[in-house]
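Colleague: Encoded as structure tokens, here's the structure I'll be asking about.
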Amino acid sequence: MSSNMIIGQYVPGNSVIHHLDPRTKITIIFFFVLIVFFANSVMSYGLLTVFSLGSALSTRIPVKYLVKGLTPVWFLILFTFILHLFVTKEGTVLFSILTLDVYSGGLIQGLSLSLRFFLLILVTSLLTLTTTPIAITDAIEDMLGPLKKFRFPVHELALMMSISLRFIPTLMQETEKISKAQASRGVDFKTGPIKDRVKAIVPLLVPLFVSAFKRAEELAMAMEARGYQGGEGRSKLRKLQISRLDIYSFIVFGLVIFGLFLTRS
Amino acid sequence: MDITFQDVSYIYQPNSPFEFRALEDISFHIPSGSFVAVIGHTGSGKSTLIQHLNGLVRPTNGEVIVGSHSMKAGEKTKDLKDLREKVGVVFQYPEHQLFEENVEKDIGFGPLNFGVKEEEIKRRTREAIQAVQLPEELLDRSPFDLSGGQMRRVAIAGVLAMSPDVLVLDEPTAGLDPRGQREIMEMFHRLHKEKRLTTVLVTHSMEDALRYADHVIILNHGKKFMEGQPKEVFVNEKELREVQLDVPEVIQFLNKLEQRLGKKVPYHGQTITQLAKELAAVVKGREAHE
Ligand SMILES: Nc1ncnc2c1ncn2[C@@H]1O[C@H](COP(=O)(O)OP(=O)(O)OP(=O)(O)O)[C@@H](O)[C@H]1O
Ligand SMILES: [Mg+2]
């Protein structure tokens, strides 16, 4: 079950972006997502593109891997482009394919929307590519902290998130193992009529559920045995700390925002 | 069935930062009817290797031939189902594969998938449950109500009921009590001889390898480190220790003896009784000298 999908996949590394505080990354990405919609000139798009590509390159994650990992997204981007190309009817007619006229407005719309889409996906996937799921959870817990005042179960939510994240790879491994064991007993997951393939899921799902429940029970017991009581008064093993790198990043990003509003038309 | 590996390499998640070369240029030949032990430290690629035997993974490079089936890098394997019927695999912790509502159905699940007739499945189920030494009363119980050891035996019975020609065992006794371990290994050995199976056993137990296998393959970091008859392979204590492996106690004993007494008693697969006699002769010889 080797998948090439990179969204949600963490790639260990030693780049500046890897070392940033997860809160910094989340904040910058949040505002990036907002400002992308303000770009409206070639220059402003160029600026955002340079910023995104520069960030992506600086992580030293192989470009080939990034390009391949975004495969499903490429199709969406292409689809967006083509849709706008033919549907928008503004500006002058540039040329026509069969009976469909392509307008200059459509070309511009198509290009800018698919570029926006690409930048959004690229930058947001940089978060998960360079940050461990645990660090992201810690950051979210910290950033949602103020909500505790309103009795919002921030700690519990973060705990649930980190446990689920922790067990995703385990569950994947388990799925792979059990499907191999059942395939050895003659189950065919890949060919044959749909009806048989649906039936083939039972011997996979039952053992998976059994082991997931067993695991949950064991984990709960282990946590209780070690005196887990919840968030109140609990200290942290991993402390989030803003460093000089974070400050520099905010400055760079601030300059990008400034540049964006200068280059907007 | 004969088993041949020709320059087999296997890479997990190729072309990604997680690319991992689990097997590298492995070649060997196992004649039909052999009992082969595959040994190696944790992560040396043993499980990866045996998954090639019934086409669960296809080599990234090279070719695997099992009987009349060939699996080549980049080519689709034909008759995969037929191959899987002939090659029964008992995985590490096979009890995780149980799912049916009762033991009988679970044991019969494999044969049913391979289109075996109902009466024949019934017959094989009884035969298999006897082979793993469980009472027939268990057949109506839910597999999830059994003890861990019983579950293991049911899972093994489920593979035996496929009546395979090649039996592949991935640490089948890990985590069982000593007596259970012995019983299960004896059972596999008996079946191996009675049914003229070709058996491939992955194990961390040098004693089992020495006792049951007639051929040993040692893996180290995905490469074949050594291969041969157990008595040839296991005398290389120093080399084996370098790849984090032990040697069987008999050989440790003989090597210590050589250090202490300066007398070499070569190991050639003798039984304890034979060995005792030889040792007696050596010690007497020494006393006669003094
Ligand atoms: N699905 C997978 N994806 C990536 N790497 C894997 C995968 N399965 C195994 N590996 C890696 O391949 C190597 C060999 O694994 P394998 O399971 O064959 O080892 P093994 O010799 O059976 O070990 P053990 O004695 O612990 O069972 C290991 O280093 C493992 O981390
Ligand atoms: Mg293994």
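Colleague: Among the residues of segment B:199-213, what is the count of those that are within 16 Å of ligand 2 (Cβ to nearest atom) and surrounded by fewer than 20 Cβ atoms within 10 Å (Cβ to Cβ)? Don't jump to the end; show me each part of the working.
Modeller: So in segment B:199-213, the residues within 16 Å of ligand 2 (Cβ to nearest atom) come out as B:200-205, B:208-209.
If we keep only those that are surrounded by fewer than 20 Cβ atoms within 10 Å (Cβ to Cβ) too, we end up with B:204-205.
Result for segment B:199-213: 2.
Colleague: Going by what's in this entry, would A:PRO169 be described as surrounded by fewer than 15 Cβ atoms within 10 Å (Cβ to Cβ), modelled with pLDDT of 85 or more, more than 30 Å from A:VAL50 (Cβ to Cβ) and not polar (S, T, N, Q)? Break it down into steps so the answer makes sense when it comes.
Modeller: Values: surrounded by fewer than 15 Cβ atoms within 10 Å (Cβ to Cβ): yes; modelled with pLDDT of 85 or more: no; more than 30 Å from A:VAL50 (Cβ to Cβ): yes; not polar (S, T, N, Q): yes.
No; evaluated as a whole, the condition is false for this residue.
Colleague: Need a quick list: helices (runs of 4 or more DSSP H) entirely within segment B:171-290 having at least 2 residues that are of a type in the set (Asp, Glu).
Modeller: Values: elements: B:178-194, B:206-212, B:230-233, B:237-242, B:249-261, B:272-289.
The helices (runs of 4 or more DSSP H) meeting that bar are B:178-194, B:206-212, B:237-242, B:249-261, B:272-289.
Colleague: Filter segment A:56-71 down to the residues that are more than 14 Å from A:GLY13 (Cα to Cα) and surrounded by 20 or more Cβ atoms within 10 Å (Cβ to Cβ), then identify the one that is nearest to the other protein chains (Cβ to nearest Cβ).
Modeller: Filtering first and then ranking leaves A:GLY69.
Colleague: How many residues are touching a helix residue (DSSP H, G or I) at 6+ places or on another chain (Cβ under 8 Å), within 14 Å of another protein chain (Cβ to nearest Cβ) and within 16 Å of ligand 2 (Cβ to nearest atom) when one looks only at segment B:165-198?
Modeller: 4
Colleague: Filter segment B:231-279 down to the residues that are touching a strand residue (DSSP E or B) at 6+ places or on another chain (Cβ under 9 Å) and hydrophobic (A, V, I, L, M, F, W, C), then identify the one that is farthest from B:ALA213 (Cα to Cα). Outline the logic, then answer.
Modeller: Pass one, segment B:231-279, residues touching a strand residue (DSSP E or B) at 6+ places or on another chain (Cβ under 9 Å): B:232-234, B:236, B:239-240, B:242-245.
Next, only the ones that are hydrophobic (A, V, I, L, M, F, W, C) stay: B:233-234, B:240, B:243, B:245.
On the way: B:VAL233: 12, B:PHE234: 12, B:LEU240: 17, B:VAL243: 20, B:LEU245: 17 Å.
The selected residue is B:VAL243.
Yes/no per residue for (1) away from ligand 1 (no atom under 14 Å from the Cβ); (2) surrounded by 22 or more Cβ atoms within 10 Å (Cβ to Cβ); (3) closer than 22 Å to B:MET1 by Cβ:
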site: B:HIS215; (1), (2), (3): yes, no, yes
site: B:ASN220; (1), (2), (3): no, no, no
site: B:GLU232; (1), (2), (3): yes, no, no
site: B:GLU237; (1), (2), (3): yes, no, no
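Colleague: Out of everything in segment A:221-256 that is surrounded by 12 or more Cβ atoms within 10 Å (Cβ to Cβ) and among the small types (Gly, Ala, Ser), what residue ends up being farthest from the other protein chains (Cβ to nearest Cβ)? Walk me through it before giving the result.
Modeller: So in segment A:221-256, the residues surrounded by 12 or more Cβ atoms within 10 Å (Cβ to Cβ) come out as A:223, A:231, A:240, A:242-243, A:245-246, A:248-250, A:252-256.
Add one more test, that the residue is among the small types (Gly, Ala, Ser), and what stays is A:231, A:243, A:249, A:254.
Details: A:GLY231: 34, A:SER243: 25, A:SER249: 23, A:GLY254: 32 Å.
Restricting to residues being surrounded by 12 or more Cβ atoms within 10 Å (Cβ to Cβ) and among the small types (Gly, Ala, Ser), the top hit is A:GLY231.
Colleague: Also: Kindly list, by first and then second residue, each pair from a residue in segment B:11-24 that is on the phi > 0 side of the Ramachandran plot to a residue that is exposed (fewer than 15 other Cβ atoms within 10 Å of the Cβ), limited to pairs with Cβ atoms under 7 Å and residues at least 6 apart or on different chains.
Modeller: Pairs that qualify, where the first residue is on the phi > 0 side of the Ramachandran plot and the partner is exposed (fewer than 15 other Cβ atoms within 10 Å of the Cβ), are B:GLN13/A:SER2; B:GLN13/B:GLU19; B:GLN13/B:PHE20.
Colleague: Look at B:GLY33 and say whether it is away from ligand 2 (no atom under 16 Å from the Cβ), surrounded by fewer than 16 Cβ atoms within 10 Å (Cβ to Cβ) and modelled with pLDDT under 95.
Modeller: Numbers: away from ligand 2 (no atom under 16 Å from the Cβ): yes; surrounded by fewer than 16 Cβ atoms within 10 Å (Cβ to Cβ): yes; modelled with pLDDT under 95: yes.
It is true that B:GLY33 is away from ligand 2 (no atom under 16 Å from the Cβ), surrounded by fewer than 16 Cβ atoms within 10 Å (Cβ to Cβ) and modelled with pLDDT under 95.
Colleague: Against the condition more than 16 Å from ligand 2 (Cβ to nearest atom), among the hydroxyl-bearing types (Ser, Thr, Tyr) and modelled with pLDDT under 95, how does B:SER44 come out, does it pass? Reasoning before the result, please.
Modeller: On the way: more than 16 Å from ligand 2 (Cβ to nearest atom): no; among the hydroxyl-bearing types (Ser, Thr, Tyr): yes; modelled with pLDDT under 95: yes.
So B:SER44 does not fit the description; no.
Colleague: I'd like the full set of residues that are within 9 Å of ligand 1 (Cβ to nearest atom) and farther than 30 Å from A:LEU66 by Cβ, limited to segment B:1-48.
Modeller: B:VAL38, B:GLY40, B:HIS41, B:THR42, B:SER44, B:LYS46, B:SER47
Colleague: Just one of (1) within 18 Å of the chain's Cα centre (by Cα); (2) more than 14 Å from chain B (Cβ to nearest Cβ); (3) touching a residue at least 40 places away in the same chain (Cβ under 8 Å) trips up A:TRP74, so point out which.
Modeller: (3)
Colleague: What about A:PHE75, is it surrounded by 15 or more Cβ atoms within 10 Å (Cβ to Cβ) and either touching a strand residue (DSSP E or B) at 6+ places or on another chain (Cβ under 6 Å) or among the aromatic types (Phe, Trp, Tyr) (or both)? Step through it out loud before you land on a result.
Modeller: On the way: surrounded by 15 or more Cβ atoms within 10 Å (Cβ to Cβ): no; either touching a strand residue (DSSP E or B) at 6+ places or on another chain (Cβ under 6 Å) or among the aromatic types (Phe, Trp, Tyr) (or both): yes.
No.
Colleague: Can you find, within segment A:178-201, the residue that is surrounded by the most Cβ atoms within 10 Å (Cβ to Cβ) among those that are more than 7 Å from chain B (Cβ to nearest Cβ) and outside any loop (DSSP other than H, G, I, E, B)?
Modeller: A:SER179
The values are calculated or read from the model by the stated rules, or taken from the named source; none is laboratory data. As the structure is a prediction and not an experimental result, all values here were calculated from the model. Positions of Cβ are backbone-derived with ideal geometry, glycine not excepted, and every protein chain shown enters the neighbour counts.
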